[in-house]
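The values are calculated or read from the model by the stated rules, or taken from the named source; none is laboratory data. Remember, predicted model here, so these are calculated numbers, not experimental data. Please note: Cβ atoms are built from the backbone with ideal geometry, for glycine as well, and neighbour counts cover all protein chains shown. To get the accessible areas, we keep the full protein, side chains included, count just its heavy atoms, and leave off ligands, DNA and RNA. Shrake-Rupley method; radii C 1.70, N 1.55, O 1.52, S 1.80 Å.
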Amino acid sequence: MRTANVKLFARQVYTGVFTNKAVAALLIIIALLIAYALYSGLLLYRQQTKSIQTYQQQVRAHWEAMPDKHPHRMAHYGYIAFRHRHLLSFFDRGMESYTGNAVFLEAHRQNSVNLSEAGLSSGILRFGEIHSAMILQILLPLALFFTGFGTVASDRENGTLKILLSQGATWKEIIAGKALGLLGIALTLLLPAIATMVIACLALEQPAFVADDLLRIGWLGIAYTLYFGIIALVAVIVSAVSRSAKLALVSLMGIWLLLAVVLPRTAQATGQHLFETPSKIAFNRAVEKELLATGDSHNPDDPYYKALKDSVLKARNADSIQQLPFNYSGFQMREGERLSAEMYNRHLFKLWGIYEKQNAVSEYSAFINPFVAIRNFSMAISGTGFHDYIRFQQQAEAYRYRLAQHMNELQMQYISNQAQDKPQAISQAFWKQFPDFTYERFNTPAVVTGQGLPVIVMLWWIAGLLLLVQLLSNKLKAI
């Protein structure tokens, strides 16, 4: 291919946008929508971050202000863990509106993450929400299809294509050039969004995360460039094989509906049908049934814990728990916490496994739908995907378990086995010594490594479309 010809065709498509008032107006509207989505996303991010920081400080202050009391009472008083938003969530909301951002942590009980926007808002949220990534993933491809449907088909209809081919231009040069022109239009809208993310990162992000976030932004730029390259090639190829511009437009609109609406819903429904998840009630019932079958740590006459007490007394050569060098009730609570946590985690990991299988159906559908690939990759890089939510749950549960067991160990160490006339308590200084909850997010290399499939899929699409161009270049006709 001759580079000069490719550049000429690319320039013709790119400059043609500004001469077509309807197309120019459509792209201006999309640019304004992206700008509005970025602005509103930043405002929402700052508002939510400020609220979470305020509530987290209040929770910590209330915890440290608790007076002297029995450590097991503090374990039941509980704690609240908050999930801080990732900065790039202002660009791609992902699952943020549905996953919640706070969980109440208490002894012997695992609670779900609550306070999601979907749970606190009206049902209108189920129709979706506008954010920058959604516009780039769905609306901009629609605009590119509307812009590119006539790139080749119109030249065929008015006879220009025959002249171009007779003057030495090749089909590869025509398709490549016009696809690059469409890609240039997409990048014109993408680059300001990337620049906004960089500025927001430098202005709002904590210094420790700036380098990591800039790397994430770079990966987003690469991924969206690949995605728009796929869309541009599809638009030009369909225009090249269509006998008329009208047929090309109808075909591209059908492809857009299939990729953006039909296939994602179908893949999601298929995954849910193949791998059915239990209801929340059924899940909790299964956990409670297994826990009751093992024993109740609060019941001294429970067979399991009665046998446990007998074994402890025998090992210590003691006749009663009063002779033990530690508080036996705290020991029993520690054992009960260990068993209940292990049982809950087994059921939870099984549930997560089902969700992973459901998601896998959607992820592999990306081989026939590039929209799924860019959606999953964008959510993961922006810290708003499924695995980020699971990571928060895992860390919150680990913190809850450490907190409960720490209180049990304080009880074992500082609470006497002897009966007392007044309730036993330890100093509130122990509450201050226990560290606050901090969420440790994925680093960028770990995210990119875990999202290898979407990258492979987009490269597979690019390679497949280029191969298709190679095959079509020998078969396409000027008329």
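Just one of the numbered conditions (1) touching a residue at least 40 places away in the same chain (Cβ under 8 Å); (2) surrounded by fewer than 17 Cβ atoms within 10 Å (Cβ to Cβ); (3) over 22 Å from the mean Cα position of the chain (by Cα) is not true of ASN408; which one?
(2)
Filter the range 63-87 down to the residues that are assigned to a helix (DSSP H, G or I) and out of contact with any Phe, Trp or Tyr (no Cβ under 9 Å at 6 or more places or on another chain), then identify the one that is most open to solvent (accessible area, probe 1.4 Å).
Taking the range 63-87 first, the residues assigned to a helix (DSSP H, G or I) are 63-65, 71-77, 87.
Those still in the list that are out of contact with any Phe, Trp or Tyr (no Cβ under 9 Å at 6 or more places or on another chain) too: 72-73, 75-76.
Working: HIS72: 29, ARG73: 152, ALA75: 4, HIS76: 79 Å².
For the range 63-87, the residue satisfying everything is ARG73.
Please work out which residue is nearest to the chain's Cα centre (by Cα), limiting yourself to the range 216-249 and to residues that are open to solvent by 40 Å² or more (accessible area, probe 1.4 Å) and either among the aromatic types (Phe, Trp, Tyr) or more than 24 Å from PHE9 (Cβ to Cβ) (or both).
TRP219
Would a scan of the range 33-43 turn up a residue that is closer than 29 Å to ALA193 by Cβ, polar (S, T, N, Q), open to solvent by 30 Å² or more (accessible area, probe 1.4 Å) and part of a helix (DSSP H, G or I)?
Step one: list which residues in the range 33-43 are closer than 29 Å to ALA193 by Cβ, which gives 33-43.
If we keep only those that are polar (S, T, N, Q) as well, we get 40.
With open to solvent by 30 Å² or more (accessible area, probe 1.4 Å) added as a condition, the list becomes 40.
Checking which are part of a helix (DSSP H, G or I) leaves us with 40.
Yes, some residue in the range 33-43 is closer than 29 Å to ALA193 by Cβ, polar (S, T, N, Q), open to solvent by 30 Å² or more (accessible area, probe 1.4 Å) and part of a helix (DSSP H, G or I).
Going by what's in this entry, would LEU468 be described as part of a helix (DSSP H, G or I), of a type in the set (A, V, I, L, M) and buried (at least 18 other Cβ atoms within 10 Å of the Cβ)?
Numbers: part of a helix (DSSP H, G or I): yes; of a type in the set (A, V, I, L, M): yes; buried (at least 18 other Cβ atoms within 10 Å of the Cβ): no.
The answer is no for LEU468.
Scan the range 300-317 residue by residue and report those that are farther than 11 Å from GLU335 by Cβ, open to solvent by less than 50 Å² (accessible area, probe 1.4 Å) and touching a helix residue (DSSP H, G or I) at 6+ places or on another chain (Cβ under 8 Å).
LEU313
Can you name the residue in the range 119-154 that is of a type in the set (S, T, N, Q), part of a loop (DSSP other than H, G, I, E, B) and surrounded by fewer than 24 Cβ atoms within 10 Å (Cβ to Cβ) and is also modelled with the highest pLDDT among such residues?
In the first step, residues of the range 119-154 are kept if they are of a type in the set (S, T, N, Q); the result is 121-122, 132, 137, 147, 151, 154.
Subset that is part of a loop (DSSP other than H, G, I, E, B): 121-122, 151.
Checking which are surrounded by fewer than 24 Cβ atoms within 10 Å (Cβ to Cβ) leaves us with 121-122.
Values: SER121: 50, SER122: 47.
Filtering first and then ranking leaves SER121.
Just wondering, is there one or more residues in the range 396-404 that are over 20 Å from ILE80 (Cβ atoms) and either out of contact with any strand residue (DSSP E or B) (no Cβ under 6 Å at 6 or more places or on another chain) or aromatic (Phe, Trp, Tyr) (or both)?
Residues of the range 396-404 over 20 Å from ILE80 (Cβ atoms): none.
There is no residue in the range 396-404 that is over 20 Å from ILE80 (Cβ atoms) and either out of contact with any strand residue (DSSP E or B) (no Cβ under 6 Å at 6 or more places or on another chain) or aromatic (Phe, Trp, Tyr) (or both).
When residues of the range 436-463 are filtered for being under 18 Å from ILE368 (Cα atoms) and open to solvent by 40 Å² or more (accessible area, probe 1.4 Å), how many remain?
Going residue by residue through the range 436-463, those that are under 18 Å from ILE368 (Cα atoms) are 451-463.
After this cut, where a residue has to be open to solvent by 40 Å² or more (accessible area, probe 1.4 Å) as well, the list is 453, 456, 459-461, 463.
So the count comes out to 6.
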